[in-house]
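Novice: Take a look at the following structure, please.
The values are calculated or read from the model by the stated rules, or taken from the named source; none is laboratory data. Just so you know, these numbers come straight off a predicted model, no measurement behind them. Counting neighbours? That spans all protein chains shown, and the Cβs are built from the backbone with ideal geometry, glycine included. In case anyone asks, the SASA skips ligands and DNA or RNA and just uses the protein heavy atoms, side chains included. Shrake-Rupley method; radii C 1.70, N 1.55, O 1.52, S 1.80 Å.
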Amino acid sequence: MRIPLAVVMLGLALAGCGGNDNPNEVRPTTTTSAARHVPEPVVAAKDQDGKDIPLTVGQGLTVKLAANPTTGYLWQLAELDRNIVEQDGGMEYEQDPSPNGMVGVGGTAIFRFTAQAPGATRLVLEYRRPWEQGIDPAERFTLNLKVT
């Protein structure tokens, strides 16, 4: 009985020494008082058109607008100071459920942004057909962003 106990004790002693050989081991992390809490992303939709939206540096902004690309219309970024707020990737599209396999059903265009630096900028999205030049957009969506 003494030998197995000695082996276990030796194993425990060795496990407590040396480096971290276990990549799955969770190490405690320390936080500094300078760590900044970034609020949850803001989600904006058609009912916020023309509104002032406050953001904190690092905070996300998601814009969701009704769209139907089968009509040829797409939401496009028309104005934004990318030094203050940056777009994260391109537009995403989520189609609404299609009843009984119906085609041409609309959905939602989704844009994601992140506040980069303090300042103010306008975010303008236009709903237009890309090939139609010199024609006013069918719709325009604007947010006045203030980043602190």
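Novice: Those residues that are at pLDDT 95 or above, over 17 Å from the mean Cα position of the chain (by Cα) and surrounded by 14 or more Cβ atoms within 10 Å (Cβ to Cβ), I need them from the range 69-103; list them, please.
Specialist: TYR73, LEU74, TRP75, GLN76, ALA78, ASP81
A quick yes/no check of all residues on (1) open to solvent by less than 30 Å² (accessible area, probe 1.4 Å); (2) free of Cβ contacts under 8 Å to residues at least 24 places away in the same chain; (3) among the acidic types (Asp, Glu); (4) in a strand (DSSP E or B):
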site: LEU123; (1), (2), (3), (4): yes, no, no, yes
site: TYR127; (1), (2), (3), (4): yes, no, no, yes
site: PRO130; (1), (2), (3), (4): no, no, no, no
site: GLY134; (1), (2), (3), (4): no, yes, no, no
site: THR142; (1), (2), (3), (4): yes, no, no, yes
site: LYS146; (1), (2), (3), (4): no, no, no, yes
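Novice: Select from the range 94-112 the residues that are of a type in the set (A, V, I, L, M, F, W, C) and part of a loop (DSSP other than H, G, I, E, B) and list them in ascending order.
Specialist: Matches in the range 94-112: MET102, VAL103, VAL105.
Novice: Filter the range 44-59 down to the residues that are surrounded by fewer than 17 Cβ atoms within 10 Å (Cβ to Cβ) and either assigned to a loop (DSSP other than H, G, I, E, B) or under 14 Å from the mean Cα position of the chain (by Cα) (or both) and list them by number.
Specialist: ALA45, ASP49, GLY50, LYS51, THR56, VAL57, GLY58
Novice: OK, next. With of a type in the set (S, T, N, Q) and closer than 18 Å to LEU74 by Cα as the only criterion, which of THR148, THR121, THR108 stands out?
Specialist: The unique qualifying residue is THR108.
Novice: Mind checking which residues of the range 104-130 are modelled with pLDDT under 95 and either of a type in the set (Ser, Thr, Tyr) or farther than 12 Å from ASN68 by Cβ (or both)?
Specialist: PRO130
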